[in-house]
Ligand SMILES: [Ca+2]
Ligand SMILES: [Ca+2]
């Protein structure tokens, strides 16, 4: 089951800086972190069916945090839960409410385990691993609530309904789904469901050497090893306050060349299985980006680092 895989693979989530921030920008020098919901929603334990567990602002569980890693003794600023400084620009630092934690940047995630920024305009993206049905990519903004566990994707989570299997999703009322009525949540800009995968990887807005991928957000599925893209412009357009509108997902066809230079169509999973000489229960795909903006595909199953390269390049596997 996907949620068991997730909790084994991504207990700690993301820790890093916004690489597009320059001195004077609001994000400059601030660390972002994310983490999973510590199993609050993983179908076990006394809190598993309580949708308020990750809808609270007095806990960092399920939240993306933004803080200045310097001690308040250095900055003279406000102390957070740890010995770091809370930025005044965080919505919940500036709300005058001591019960809402000022380090929270955005909340209501189940497991927004990877974060990246579009180098062209600084748009912040988070990949969120779903529980029973929906994998999602969100555009993240200060102070917003991304809905888990009241929502999964643009569906109403059955956990909010008495007597219902918490894994069951329901359609939102039409007026909310179509954006005519607001419900206080921010919805994903791209989703796929568990017919197509089980756990979304991190992803990146790509502007590298491969023409077919330029302007696409490249991501994939950890378990199945499928590589997906969504159009970056379509994702930003889907960030429109209308839950129903999301950017379509396409699958990337990977190929390698044999010794004679013939194109051999394959998949990431097949490549890993070939290296290991065995069929694997999971591909264990992870995607990283190099300094020059190219994409690295790795798997914990075989330890290889593979690079996606353009059509004319000498090798697509290294
Ligand atoms: Ca506060
Ligand atoms: Ca939308």
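Numbers at a glance
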quantity: Gaussian network model of the chain, springs between alpha carbon atoms under 10 Å - residue of 209, 291, 244 with greatest fluctuation; calculated: 291
quantity: Computed [θ] at 222 nm, deg cm²/dmol, the chain (DSSP H ≥ 4; -39,500 (n - 2.57); rounded to nearest 500); calculated: -2500 deg cm²/dmol
quantity: Residues 224, 214, sorted so that the one with the fewest Cβ neighbours within 10 Å comes first; calculated: 214, 224
quantity: Two-decimal ratio, the chain, of alpha-carbon radius of gyration to 2.2 N^0.38 Å; calculated: 1.02
quantity: Gaussian network model of the chain, Cα within-10 Å springs - most flexible of 302, 221, 37; calculated: 302
quantity: Selected from 238, 78, 174 as most flexible by GNM, with the chain as the system and alpha-carbon contacts under 10 Å; calculated: 174
quantity: Residue order, fewest to most beta carbons within 10 Å, for 116, 34; calculated: 116, 34
quantity: Residue order, fewest to most beta carbons within 10 Å, for 75, 223; calculated: 75, 223
quantity: Three-way shape call for region 155-236 based on the alpha-carbon gyration tensor, with the a/c threshold at 1.5; calculated: oblate
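Each value in this text was obtained by applying a stated rule to the coordinates, not by laboratory testing. Small disclaimer: the values here were computed from a predicted structure and weren't measured. Cβ coordinates were reconstructed from backbone atoms using ideal geometry, including for glycine residues, and neighbour counts include every protein chain displayed.
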